[in-house]
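Below you'll find the structure, written out as structure tokens, and then a few comments.
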Amino acid sequence: MPTWRSSTAFCSALSSCALLLAPPAWAQQLAVMQAGEARLEVEIVSTPEARGRGLMQREALPEARGMWFIFDNTDFHCLWMKNTPIPLSAAFVAEDGRVINLVDMDPETEYPHCASAPARFVLEVNRGWFARHGVAPGSWLLPPPH
């Protein structure tokens, strides 16, 4: 399985990692990744400011879109839903791309949702997306095929 060490390495691992559309000013870029049986367009965020903003103030998230958080280190990272009006699910992901745990998050809440083991990445999607696409703890999140 691939090991992604940084946003640059992550994009190098994705053969089709390219600027697909103009991302929000605070998102670093958009890429396509494989999650279970589905392809997912993700906004890649790796700066503290971008990770802090996440999907705040978004009224909707397209079904085939998500946000890929890249953290500087592997740790018990946590998320919250402050100022986020849409229900989301998150996958905490290990350095090697394996899903550690999944959480469902209620809109506009401020309690933490945390990784159950040290994680390097988080993938946020619309609530229920993981179940609809067969992604569960132990699944691998992979770059798209060539």
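The values are calculated or read from the model by the stated rules, or taken from the named source; none is laboratory data. Just so you know, these numbers come straight off a predicted model, no measurement behind them. Quick reminder, even Gly has a Cβ in these numbers, built from the backbone with ideal geometry, and neighbours come from all protein chains shown.
Filter segment 54-77 for residues that are among the polar types (S, T, N, Q) and either modelled with pLDDT under 95 or under 11 Å from Glu43 (Cα atoms) (or both) and give the result. Listed by number, the list holds a single entry, Gln57.
Determine whether segment 78-92 contains at least one residue that is in contact with a strand residue (DSSP E or B) (Cβ under 7 Å, 6 or more places away or on another chain), at pLDDT 90 or above and among the charged types (D, E, K, R). The answer is no; no qualifying residue exists. Scanning for something among the small types (Gly, Ala, Ser), at pLDDT 95 or above and under 16 Å from Ile44 (Cα atoms), does segment 121-133 turn up at least one residue? Checked against the condition, which is being among the small types (Gly, Ala, Ser), at pLDDT 95 or above and under 16 Å from Ile44 (Cα atoms), segment 121-133 yields no hits at all.
Can you tell me which of Asn101, Asn83 is surrounded by 14 or more Cβ atoms within 10 Å (Cβ to Cβ), at positive phi and among the polar types (S, T, N, Q)? So that I can check it myself, show each step before the final result.
Working: Asn101 fails: at positive phi.
Answer to the check: Asn83.
Going by the structure shown, is Ile70 over 16 Å from Arg39 (Cα atoms), of a type in the set (A, V, I, L, M) and within 14 Å of the chain's Cα centre (by Cα)? Against the criterion (over 16 Å from Arg39 (Cα atoms), of a type in the set (A, V, I, L, M) and within 14 Å of the chain's Cα centre (by Cα)), Ile70 qualifies. Taking first residues from segment 38-53 that are within 22 Å of Gly134 (Cβ to Cβ) and partners that are modelled with pLDDT of 90 or more and among the charged types (D, E, K, R), the Cβ contacts under 8 Å between residues at least 6 apart in sequence or on separate chains come to Leu40/Arg65; Glu41/Arg65; Val42/Arg65.
Consider Gly66 carefully, then state whether it is without any contact (Cβ under 8 Å) to a residue 24 or more places away in the chain and at negative phi. Spelling it out, it is not the case that Gly66 is without any contact (Cβ under 8 Å) to a residue 24 or more places away in the chain and at negative phi.
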